[in-house]
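Asker: The structure follows.
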Amino acid sequence: MKREVINIIKIGGKTIDHEEKLDRFLNSFSRVPGQKILIHGGGILANQIGEKMGVVTKFHEGRRITNAETLELVTMVYGGLINKKIVAKLQSQNVNAIGLSGADANLLTAEKRVVKTIDYGFAGDIQKVNNDLLQNLLSQNLTPVICPITHDGKGQLLNTNGDTIAMTIACALQSQFEVNLWLCFDKKGVLLDIKDEESIIPQLNPSTYAELLSKSLIHEGMKPKLENAFRALESGVSKIRIGSADDIDLAIANEKTGTLICA
Ligand SMILES: Nc1ncnc2c1ncn2[C@@H]1O[C@H](COP(=O)(O)OP(=O)(O)O)[C@@H](O)[C@H]1O
Ligand SMILES: CC(=O)N[C@@H](CCC(=O)OP(=O)(O)O)C(=O)O
């Protein structure tokens with residue numbers, strides 16, 4: 001039986017931070033046909049508001065080290081300001097969006113990350129996705145808009161990378177849907193030379209990815225993005241692309257755009 005297509009799209013901080021870019025993207029998103037889910041980050045705005053509040057956070061390999069104060073900041077910024085702003089903008093485009101964190105209706109249960117080498121603080125690794133909830137919302141024509149805050153089921157909120165949330169939801173839904181996962185960011189794709197915006201790599205497979213890593217051509221936020229993209233591929237997600245939020249129209253129209261992640 002042919003499975004229904006679902007588009008799972010993630011946008012990052014540099015789109016959210018730019019009002020015009022965000023509006024342009026949401027306009028395109030509102031035209032994406034069929035079932036869809038939007039996952040957003042917001043790292044840049046969290047940094048900016050944090051600076052005003054005197055909360056400065058550190059990163060390790062593209063992931064935020066989240067102490068108690070930072071957790072309060074990101075909960076307010078991701079779960080409050082950004083999530084509600086996006087939902088309101090989508091409502092104005094006649095998309096019946098519903099804003100959620102991982103704690104809402106137990107959408108995403110996570111465990112505090114424990115690694116020997118570094119203390120990430122209140123960073124969460126996702127354990128479980130509430131598939132039934134997502135299916136339920138989608139069947140009522142609601143469009144989930146998910147922020148990068150999860151919970152441990154014992155009252156503790158956790159901060160989880162937005163790309164990781166998109167990947168995990170894509171993997172969880174791929175047994176029921178034909179999943180298209182789009183990780184959108186500020187460049188037109190994964191670049192061979194970060195200084196050359198046109199040096200887009202059209203396709204990446206595990207061996208070309210390993211080569212880029214060995215040549216140190218993947219830095220900062222691109223690391224978790226690609227780690228997540230390849231994990232989705234291993235789990236059988238059918239189509240994964242990394243590209244610009246400006247090109248989502250092209251991507252949905254099946255035009256070749258950005259970087260395709262393939263086996
Ligand atoms: N090879 C690469 N190709 C493209 N971008 C890269 C590459 N290596 C590092 N980057 C950086 O990764 C950034 C994307 O990560 P990030 O800022 O975390 O995105 P987002 O917030 O949208 O998830 C790009 O803006 C770029 O500065
Ligand atoms: C643990 C962790 O790193 N969480 C991320 C969540 C936000 C995010 O993913 O934002 P972008 O998509 O804009 O980068 C953070 O706080 O930066």
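The values are calculated or read from the model by the stated rules, or taken from the named source; none is laboratory data. Computed from a prediction, not measured in an experiment: that's the story for all the values here. Note that we place each Cβ from the backbone using ideal geometry, even for glycine, and neighbour counts take in every protein chain shown. Just so you know, the surface numbers come from the protein's heavy atoms only, side chains and all, with ligands and any DNA or RNA stripped out. Shrake-Rupley method; radii C 1.70, N 1.55, O 1.52, S 1.80 Å.
Asker: Give E220, E178 a once-over and let me know the one that is of a type in the set (D, E) and either touching a helix residue (DSSP H, G or I) at 6+ places or on another chain (Cβ under 7 Å) or more than 7 Å from ligand 1 (Cβ to nearest atom) (or both).
Answerer: E178
Asker: All but one of (1) aromatic (F, W, Y); (2) more than 16 Å from ligand 1 (Cβ to nearest atom); (3) over 25 Å from L250 (Cβ atoms) hold for Y120, so report the exception by its number.
Answerer: (2)
Asker: Of all the residues that make up the stretch 21-43, how many are open to solvent by 50 Å² or more (accessible area, probe 1.4 Å) and either assigned to a strand (DSSP E or B) or without any contact (Cβ under 8 Å) to a residue 40 or more places away in the chain (or both)?
Answerer: Residues that pass the stated criteria total 1.
Asker: Next question, about the same structure. What about N94, is it in contact with a Phe, Trp or Tyr (Cβ under 9 Å, 6 or more places away or on another chain), at pLDDT 95 or above and among the polar types (S, T, N, Q)?
Answerer: It is false that N94 is in contact with a Phe, Trp or Tyr (Cβ under 9 Å, 6 or more places away or on another chain), at pLDDT 95 or above and among the polar types (S, T, N, Q).
Asker: So, one more: What pairs can you find where one residue is in the stretch 216-237 and within 17 Å of I200 (Cα to Cα) and in contact (Cβ under 8 Å) with a residue 12 or more places away in the chain, the other is open to solvent by 60 Å² or more (accessible area, probe 1.4 Å) and not aromatic (F, W, Y), and their Cβ atoms are less than 6 Å apart, with a gap of 6+ or different chains?
Answerer: From the stretch 216-237, the pairs are K223/E61.
Asker: List pairs: first residue in the stretch 123-135 and modelled with pLDDT under 95, second residue more than 16 Å from ligand 2 (Cβ to nearest atom) anywhere in the structure, Cβ distance under 9 angstrom, at least six positions apart or on different chains.
Answerer: Pairs that qualify, where the first residue is modelled with pLDDT under 95 and the partner is more than 16 Å from ligand 2 (Cβ to nearest atom): there are none.
Asker: Give T160, T168 a once-over and let me know the one that is under 21 Å from A232 (Cα atoms), under 19 Å from the mean Cα position of the chain (by Cα) and either open to solvent by 10 Å² or more (accessible area, probe 1.4 Å) or without any contact (Cβ under 8 Å) to a residue 24 or more places away in the chain (or both).
Answerer: T168
Asker: Go through T66, T57 for me and flag whichever is open to solvent by less than 30 Å² (accessible area, probe 1.4 Å) and at pLDDT below 95.
Answerer: T57
Asker: Checking the structure you have, find out if any residue of the stretch 69-92 is within 12 Å of ligand 2 (Cβ to nearest atom), closer than 27 Å to W182 by Cβ and in contact with a Pro (Cβ under 6 Å, 6 or more places away or on another chain).
Answerer: Yes, the conditions are met somewhere in the stretch 69-92.
Asker: Select, from A88, A105, the only residue that is among the small types (G, A, S), open to solvent by 50 Å² or more (accessible area, probe 1.4 Å) and out of contact with any helix residue (DSSP H, G or I) (no Cβ under 7 Å at 6 or more places or on another chain).
Answerer: A88
Asker: Regarding G189, is this residue within 20 Å of the chain's Cα centre (by Cα) and part of a loop (DSSP other than H, G, I, E, B)?
Answerer: yes
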